[in-house]
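For reference, the structure discussed in these notes is given below.
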Amino acid sequence: MRAPETGIAGYIARWRPSSVSPRAAAFARDVIAAVAPPGQERAKNLLWAAGKLADYAIGLGLDPVPEVVLHPSVAERFTRCAPGLSGVARRTLRTNLRFIGRRVVPHLYPEDLPLPRERAKQPYSPAEIGGYLALADAQPAAERRMRAAGLVCLGAGAGLIRGDLRDVRGADVVCRSGGVVVTVPGARPRAVPVLARYHAPLLAAARSARSGLICGGSDPGRRNLTNPLIRALDAGSGLPRLDTSRLRATWLRDCAELLGLATFMHAAGISCSQRLGDLVAGLEPASEAGAVRLPGAARQP
(Lines give C-alpha, C1' and ligand atoms only; values in the text may rest on other atoms or scores of the structure.)
Protein backbone atom coordinates (compact mmCIF):
# COMPACT_ATOMS: atom_id res chain seq x y z
CA MET A 1 0.00 0.00 0.00
CA ARG A 2 1.42 3.43 -1.04
CA ALA A 3 2.14 5.79 1.84
CA PRO A 4 0.31 9.13 1.69
CA GLU A 5 2.39 12.08 0.49
CA THR A 6 3.32 14.71 3.00
CA GLY A 7 4.27 18.38 2.87
CA ILE A 8 3.24 20.69 0.04
CA ALA A 9 3.09 17.84 -2.48
CA GLY A 10 0.77 15.94 -0.17
CA TYR A 11 -1.46 18.98 0.31
CA ILE A 12 -1.75 19.40 -3.47
CA ALA A 13 -2.51 15.69 -3.97
CA ARG A 14 -5.29 15.81 -1.35
CA TRP A 15 -6.87 19.05 -2.63
CA ARG A 16 -10.50 18.29 -3.49
CA PRO A 17 -12.63 21.36 -2.63
CA SER A 18 -16.40 21.48 -2.98
CA SER A 19 -16.18 24.84 -4.80
CA VAL A 20 -14.90 23.34 -8.09
CA SER A 21 -15.84 20.22 -10.04
CA PRO A 22 -13.76 17.01 -9.78
CA ARG A 23 -12.42 17.44 -13.35
CA ALA A 24 -11.35 21.01 -12.62
CA ALA A 25 -9.77 19.96 -9.30
CA ALA A 26 -7.81 17.22 -11.05
CA PHE A 27 -6.54 19.72 -13.63
CA ALA A 28 -5.52 22.14 -10.87
CA ARG A 29 -3.65 19.42 -8.94
CA ASP A 30 -1.68 18.41 -12.03
CA VAL A 31 -0.58 21.90 -13.05
CA ILE A 32 0.18 23.17 -9.55
CA ALA A 33 2.24 20.06 -8.81
CA ALA A 34 4.34 21.06 -11.83
CA VAL A 35 4.66 24.60 -10.48
CA ALA A 36 5.89 23.32 -7.07
CA PRO A 37 4.90 26.33 -4.94
CA PRO A 38 7.09 27.00 -1.90
CA GLY A 39 4.40 27.05 0.80
CA GLN A 40 0.94 25.70 1.57
CA GLU A 41 -0.77 29.11 1.49
CA ARG A 42 0.75 29.86 -1.91
CA ALA A 43 -0.27 26.40 -3.14
CA LYS A 44 -3.83 26.96 -1.92
CA ASN A 45 -4.13 30.25 -3.82
CA LEU A 46 -2.71 28.81 -7.03
CA LEU A 47 -4.91 25.70 -6.81
CA TRP A 48 -8.00 27.84 -6.36
CA ALA A 49 -7.08 30.03 -9.34
CA ALA A 50 -6.36 27.05 -11.60
CA GLY A 51 -9.48 25.21 -10.47
CA LYS A 52 -11.77 28.18 -11.07
CA LEU A 53 -10.24 28.74 -14.51
CA ALA A 54 -10.63 25.06 -15.41
CA ASP A 55 -14.30 25.03 -14.36
CA TYR A 56 -14.86 28.11 -16.53
CA ALA A 57 -13.08 26.54 -19.52
CA ILE A 58 -14.89 23.21 -19.16
CA GLY A 59 -18.18 25.08 -19.10
CA LEU A 60 -17.25 26.59 -22.48
CA GLY A 61 -16.62 23.10 -23.89
CA LEU A 62 -12.81 23.37 -23.87
CA ASP A 63 -10.56 20.41 -23.15
CA PRO A 64 -9.02 20.59 -19.65
CA VAL A 65 -5.41 20.45 -20.84
CA PRO A 66 -2.78 23.07 -19.98
CA GLU A 67 -2.20 24.29 -23.56
CA VAL A 68 -5.91 25.10 -23.87
CA VAL A 69 -7.02 26.15 -20.39
CA LEU A 70 -3.90 28.19 -19.59
CA HIS A 71 -3.81 29.93 -22.95
CA PRO A 72 -3.54 33.69 -22.32
CA SER A 73 -6.75 34.42 -24.23
CA VAL A 74 -8.74 31.96 -22.09
CA ALA A 75 -7.26 33.22 -18.82
CA GLU A 76 -7.84 36.85 -19.79
CA ARG A 77 -11.45 36.21 -20.80
CA PHE A 78 -12.02 34.41 -17.51
CA THR A 79 -10.58 37.21 -15.36
CA ARG A 80 -12.60 39.81 -17.26
CA CYS A 81 -15.93 38.01 -17.72
CA ALA A 82 -16.39 35.43 -14.95
CA PRO A 83 -19.41 36.46 -12.83
CA GLY A 84 -19.43 37.00 -9.10
CA LEU A 85 -15.85 38.25 -8.68
CA SER A 86 -14.76 41.50 -7.08
CA GLY A 87 -12.22 43.76 -8.72
CA VAL A 88 -9.54 42.71 -6.23
CA ALA A 89 -10.27 39.01 -6.90
CA ARG A 90 -9.99 39.53 -10.65
CA ARG A 91 -6.61 41.24 -10.34
CA THR A 92 -5.31 38.52 -8.01
CA LEU A 93 -6.56 35.78 -10.32
CA ARG A 94 -4.90 37.37 -13.34
CA THR A 95 -1.58 37.61 -11.50
CA ASN A 96 -1.74 34.02 -10.26
CA LEU A 97 -2.82 32.59 -13.62
CA ARG A 98 0.01 34.36 -15.43
CA PHE A 99 2.40 32.99 -12.81
CA ILE A 100 1.10 29.45 -13.44
CA GLY A 101 1.11 29.82 -17.23
CA ARG A 102 4.71 31.05 -17.35
CA ARG A 103 5.83 27.91 -15.52
CA VAL A 104 3.57 25.26 -17.06
CA VAL A 105 3.24 26.48 -20.67
CA PRO A 106 6.08 29.05 -20.97
CA HIS A 107 5.95 29.03 -24.78
CA LEU A 108 2.54 30.72 -24.53
CA TYR A 109 3.86 33.42 -22.19
CA PRO A 110 6.91 35.12 -23.69
CA GLU A 111 8.79 37.27 -21.24
CA ASP A 112 7.45 40.80 -20.99
CA LEU A 113 9.72 43.42 -22.47
CA PRO A 114 10.18 46.46 -20.24
CA LEU A 115 8.39 49.48 -21.62
CA PRO A 116 10.12 52.83 -21.41
CA ARG A 117 8.69 55.17 -18.79
CA GLU A 118 8.84 58.88 -19.27
CA ARG A 119 10.59 60.32 -16.27
CA ALA A 120 10.31 63.83 -14.94
CA LYS A 121 12.75 66.31 -16.40
CA GLN A 122 15.61 67.49 -14.20
CA PRO A 123 14.60 70.73 -12.42
CA TYR A 124 16.82 73.78 -12.68
CA SER A 125 18.77 74.91 -9.66
CA PRO A 126 17.99 78.31 -8.08
CA ALA A 127 21.31 79.60 -9.47
CA GLU A 128 20.36 78.51 -13.00
CA ILE A 129 16.98 80.22 -12.74
CA GLY A 130 18.79 83.34 -11.52
CA GLY A 131 21.07 83.09 -14.55
CA TYR A 132 18.15 82.91 -16.97
CA LEU A 133 16.48 85.92 -15.36
CA ALA A 134 19.77 87.83 -15.57
CA LEU A 135 20.09 86.93 -19.27
CA ALA A 136 16.50 88.08 -19.81
CA ASP A 137 17.30 91.38 -18.12
CA ALA A 138 20.37 91.81 -20.37
CA GLN A 139 18.41 91.63 -23.65
CA PRO A 140 18.95 94.77 -25.80
CA ALA A 141 15.27 95.50 -26.49
CA ALA A 142 12.76 96.25 -23.74
CA GLU A 143 10.03 94.04 -25.29
CA ARG A 144 12.46 91.11 -25.60
CA ARG A 145 13.49 91.58 -21.95
CA MET A 146 9.89 91.42 -20.79
CA ARG A 147 8.96 88.43 -22.95
CA ALA A 148 12.01 86.42 -21.91
CA ALA A 149 11.43 87.13 -18.23
CA GLY A 150 7.74 86.28 -18.65
CA LEU A 151 8.64 82.91 -20.21
CA VAL A 152 10.90 81.99 -17.29
CA CYS A 153 8.42 83.19 -14.67
CA LEU A 154 5.37 81.49 -16.20
CA GLY A 155 7.28 78.21 -16.45
CA ALA A 156 9.22 78.11 -13.18
CA GLY A 157 6.83 80.28 -11.17
CA ALA A 158 3.46 78.89 -12.32
CA GLY A 159 4.29 75.59 -14.05
CA LEU A 160 2.80 76.54 -17.41
CA ILE A 161 3.80 74.66 -20.54
CA ARG A 162 2.82 74.29 -24.19
CA GLY A 163 -0.60 75.76 -25.04
CA ASP A 164 -1.15 77.17 -21.55
CA LEU A 165 2.14 79.04 -21.82
CA ARG A 166 1.40 80.39 -25.29
CA ASP A 167 -2.13 81.55 -24.45
CA VAL A 168 -1.43 83.72 -21.39
CA ARG A 169 -1.94 87.45 -21.90
CA GLY A 170 -0.83 90.31 -19.72
CA ALA A 171 -4.37 90.82 -18.43
CA ASP A 172 -4.40 87.19 -17.18
CA VAL A 173 -1.78 87.99 -14.51
CA VAL A 174 -3.47 89.73 -11.58
CA CYS A 175 -2.86 90.56 -7.93
CA ARG A 176 -5.66 88.74 -6.15
CA SER A 177 -6.45 86.62 -3.06
CA GLY A 178 -3.33 87.87 -1.31
CA GLY A 179 -0.89 86.87 -4.04
CA VAL A 180 -0.19 86.96 -7.77
CA VAL A 181 -2.43 84.67 -9.80
CA VAL A 182 -2.29 83.57 -13.43
CA THR A 183 -5.72 82.89 -14.91
CA VAL A 184 -5.10 80.07 -17.39
CA PRO A 185 -7.58 79.85 -20.28
CA GLY A 186 -7.86 76.98 -22.74
CA ALA A 187 -8.85 73.34 -22.32
CA ARG A 188 -8.13 73.23 -18.55
CA PRO A 189 -9.03 76.69 -17.22
CA ARG A 190 -7.75 77.37 -13.73
CA ALA A 191 -6.11 79.98 -11.51
CA VAL A 192 -2.46 79.26 -10.64
CA PRO A 193 -0.74 81.06 -7.74
CA VAL A 194 2.72 82.31 -8.72
CA LEU A 195 5.59 81.49 -6.38
CA ALA A 196 6.78 84.57 -4.50
CA ARG A 197 10.23 84.74 -6.12
CA TYR A 198 8.68 85.45 -9.52
CA HIS A 199 6.09 88.08 -8.54
CA ALA A 200 8.00 91.23 -9.52
CA PRO A 201 9.42 90.15 -12.90
CA LEU A 202 6.15 88.50 -13.98
CA LEU A 203 4.07 91.55 -13.04
CA ALA A 204 6.48 93.73 -15.01
CA ALA A 205 6.17 91.42 -18.03
CA ALA A 206 2.37 91.46 -17.74
CA ARG A 207 2.26 95.26 -17.59
CA SER A 208 4.45 95.40 -20.70
CA ALA A 209 2.23 92.94 -22.61
CA ARG A 210 -1.07 94.58 -21.50
CA SER A 211 -3.76 92.68 -23.42
CA GLY A 212 -1.21 90.97 -25.68
CA LEU A 213 0.47 87.60 -25.27
CA ILE A 214 3.18 87.68 -22.62
CA CYS A 215 5.54 85.45 -24.63
CA GLY A 216 4.98 87.48 -27.79
CA GLY A 217 3.28 86.97 -31.13
CA SER A 218 -0.31 87.61 -32.07
CA ASP A 219 -1.61 84.06 -32.68
CA PRO A 220 -1.44 81.60 -29.76
CA GLY A 221 -1.84 78.73 -32.24
CA ARG A 222 1.40 79.55 -34.02
CA ARG A 223 3.96 76.77 -33.57
CA ASN A 224 7.38 77.35 -32.00
CA LEU A 225 6.24 80.59 -30.40
CA THR A 226 8.81 80.34 -27.60
CA ASN A 227 11.81 79.34 -29.75
CA PRO A 228 13.08 82.89 -30.37
CA LEU A 229 13.02 83.56 -26.62
CA ILE A 230 14.83 80.30 -25.87
CA ARG A 231 17.52 81.20 -28.41
CA ALA A 232 17.87 84.63 -26.82
CA LEU A 233 18.56 82.99 -23.45
CA ASP A 234 21.14 80.63 -24.96
CA ALA A 235 24.08 83.00 -24.93
CA GLY A 236 26.91 80.56 -24.26
CA SER A 237 27.02 81.61 -20.60
CA GLY A 238 27.53 78.11 -19.25
CA LEU A 239 23.82 77.58 -18.60
CA PRO A 240 22.06 74.56 -20.12
CA ARG A 241 19.66 75.22 -22.98
CA LEU A 242 16.35 76.48 -21.68
CA ASP A 243 13.64 73.82 -21.76
CA THR A 244 10.04 74.65 -20.83
CA SER A 245 9.51 71.10 -19.53
CA ARG A 246 12.39 71.63 -17.11
CA LEU A 247 10.87 74.95 -16.04
CA ARG A 248 7.65 73.14 -15.15
CA ALA A 249 9.65 70.44 -13.33
CA THR A 250 11.32 73.24 -11.35
CA TRP A 251 7.92 74.61 -10.32
CA LEU A 252 6.71 71.14 -9.32
CA ARG A 253 9.85 70.51 -7.28
CA ASP A 254 9.63 73.88 -5.52
CA CYS A 255 5.91 73.42 -4.72
CA ALA A 256 6.52 69.89 -3.40
CA GLU A 257 9.26 71.22 -1.14
CA LEU A 258 7.10 74.06 0.17
CA LEU A 259 4.18 71.69 0.81
CA GLY A 260 6.39 69.15 2.61
CA LEU A 261 5.33 66.47 0.14
CA ALA A 262 8.55 64.44 0.45
CA THR A 263 8.19 64.35 4.25
CA PHE A 264 4.55 63.28 4.00
CA MET A 265 5.21 60.51 1.45
CA HIS A 266 8.15 59.21 3.49
CA ALA A 267 6.04 59.12 6.66
CA ALA A 268 3.20 57.38 4.79
CA GLY A 269 5.55 54.84 3.19
CA ILE A 270 4.45 55.89 -0.29
CA SER A 271 6.87 55.86 -3.21
CA CYS A 272 4.40 56.26 -6.09
CA SER A 273 1.74 58.94 -6.42
CA GLN A 274 -0.90 56.80 -8.18
CA ARG A 275 -2.84 56.05 -5.00
CA LEU A 276 -2.57 59.66 -3.94
CA GLY A 277 -4.18 60.61 -7.24
CA ASP A 278 -7.02 58.15 -6.60
CA LEU A 279 -7.62 59.64 -3.16
CA VAL A 280 -7.34 63.27 -4.24
CA ALA A 281 -9.90 62.65 -6.99
CA GLY A 282 -12.55 62.47 -4.27
CA LEU A 283 -11.53 65.68 -2.52
CA GLU A 284 -12.56 69.24 -3.24
CA PRO A 285 -9.74 71.76 -3.85
CA ALA A 286 -9.42 74.73 -1.53
CA SER A 287 -10.40 78.24 -2.48
CA GLU A 288 -8.12 80.45 -4.53
CA ALA A 289 -6.95 82.23 -1.39
CA GLY A 290 -6.12 78.87 0.16
CA ALA A 291 -4.20 77.88 -2.95
CA VAL A 292 -2.16 81.09 -2.68
CA ARG A 293 -1.31 80.50 0.99
CA LEU A 294 -0.49 76.80 0.66
CA PRO A 295 2.80 77.06 -1.32
CA GLY A 296 3.81 80.31 0.37
CA ALA A 297 2.88 82.35 -2.70
CA ALA A 298 1.40 85.31 -0.81
CA ARG A 299 2.71 88.74 -1.67
CA GLN A 300 5.35 90.16 0.61
CA PRO A 301 4.42 93.40 2.42
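The values are calculated or read from the model by the stated rules, or taken from the named source; none is laboratory data. The structure displayed is predicted, hence computed values, not measured ones. Cβ: placed from backbone, ideal geometry, glycine included. Neighbour counts: every protein chain shown. Note: accessible area is taken over every heavy atom of the protein model, side chains too, but ligands, DNA and RNA are not part of it. Shrake-Rupley method; radii C 1.70, N 1.55, O 1.52, S 1.80 Å.
Residue separation of E76 and S211 scaled by 0.36 nm, minus their Cα-Cα distance, works out to 43.0 nm of gained length. Around the Cα centre of the chain, unit charges on the Cβ atoms of Lys, Arg, Asp and Glu (plus for the first two, minus for the last two) sum to a dipole of about 140 debye. Summarising the amide proton neighbourhood of V184: residues at separation of 5 or more, or on other chains, whose placed amide H is nearer than 5 Å comprise R190, A191, V192.
A simple rule links phi to the HN-Hα coupling: the Karplus curve 6.51 cos²θ - 1.76 cosθ + 1.60 with θ = phi - 60°, which for the stretch 86-97 gives 6, x, 5, 4, 5, 5, 5, 4, 4, 4, 5, 5 Hz, with x for Gly and Pro.
With the whole protein complex present, I270 retains an accessible surface near 50 Å², based on a 1.4 Å probe. Remark: the stretch 32-39, residue by residue, has Karplus-estimated 3J(HN,Hα) of 6, 4, 5, 6, 6, x, x, x Hz, where x stands for each Gly or Pro and the curve is 6.51 cos²θ - 1.76 cosθ + 1.60 at θ = phi - 60°. Considering only Q40, Q139, Q122, the mean-square fluctuation computed in a Gaussian network model of the chain, springs between alpha carbons under 10 angstrom, is largest for Q40. Residues C153, C255, C81 ordered from highest to lowest accessible area at a 1.4 Å probe: C81, C255, C153. Using only alpha-carbon positions in the chain, the gyration tensor eigenvalues give semi-axes of 61, 20, 18 Å once each is multiplied by 5 and square-rooted (largest first). Computed from label points 7 Å out along Cα-Cβ, the spacing between E257 and R275 is 2.8 nm.
What accessible area per residue, rounded to a whole number of Å², is obtained for the chain using a probe radius of 1.4 Å?
Values: 17600 Å² over 301 residues.
The answer is 58 Å² per residue.
For the chain, the fraction of 1.4 Å probe accessible surface lying on carbon and sulfur atoms is 55 percent.
Under 5 Å between amide hydrogens, built in the peptide plane, is the criterion, and for Y124 it picks out T250 among residues at least 5 positions away or on other chains. Each residue of the stretch 250-263 was assigned a 3J(HN,Hα) from its phi angle through the Karplus curve 6.51 cos²θ - 1.76 cosθ + 1.60 (θ = phi - 60°); the sequence is 5, 4, 4, 4, 5, 5, 4, 5, 5, 7, x, 5, 4, 5 Hz, with glycine and proline shown as x.
Take the Cβ atoms of L113 and A89, set R0 to 35 Å, and the FRET efficiency comes out at 0.80.
With an 8 Å cut-off on Cα pairs and a minimum separation of 6 or more residues, tell me the relative contact order of the chain in percent. Numbers along the way, then the final one.
Numbers: 370 pairs, mean separation 46.6, N = 301.
Relative CO of the chain lands at 15 percent.
Only one residue of S287, V74, G155 has its Cα farthest out toward the positive end of the dipole of the chain, where Lys and Arg carry +1 and Asp and Glu -1 on Cβ, and that residue is S287. Taking all C-alpha pairs of the stretch 140-216, those more than 15 Å from each other amount to 45 percent.
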